[in-house]
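Computed from the coordinates by the stated procedures, all read-outs in this text should not be read as laboratory data. Bear in mind the structure is a predicted one, so any value in this text is a computation, not a measurement. Please note: Cβ atoms are built from the backbone with ideal geometry, for glycine as well, and neighbour counts cover all protein chains shown.
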Amino acid sequence: MNYSNSKTGWYSLAFVVLASDQALKRQIDVTTPLGWSVEVTWFFNLVHVLNPGAAFSFLAGAGGWQRWFFLAIALIASVWLGWMLSKPLRRLEELAYSLILGGALGNAFDRVFRGHVIDYLDFHVGGWHWPAFNFADMAIFAGAFALIVASIRPVASRSAQEVI
């Protein structure tokens, strides 16, 4: 099954994702005004927007209760992800859970201390803009993708792992 012996590295990766996410958001927050946008390429802008909702600004205008709702979901998910990381897993699953944990904690930190999530990556084509997102969102997406890949990859038998 290719289990890792030490979990410290995977928890450390989650912390690096959290710390990187917060550093990038802080940089955007202190160096650019809210609503700022600069074109980087024909399909990508750096922006400074706030998202009080969830993905795609879901429930952004709900009146404030959604901050605590999404915070509770992130914290419950983080506890579950931390617990999952303590179990024997394949490396790809460990990577996935670590990325999702770091991203969930990054956005949870924003909700606790800012009341909203800072987004700054804006991709667009022909006037159509994908909703802005951030490093934590990318980690969550990458982790979810890794989980999908892990779920469709066959689990090697114990004897095959010992040969390799």
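With K and R counted +1 and D and E -1, the other residues having a Cβ less than 10 Å from that of Glu94 yield a net charge of +3. Annotation for Trp68 and Phe15: the two label points, set 7 Å from Cα along the Cα-Cβ direction, are 3.1 nm apart. Summing charges over all other residues whose Cβ lies under 12 Å from the Cβ of Ala104, with Lys and Arg as +1 and Asp and Glu as -1, gives -2.
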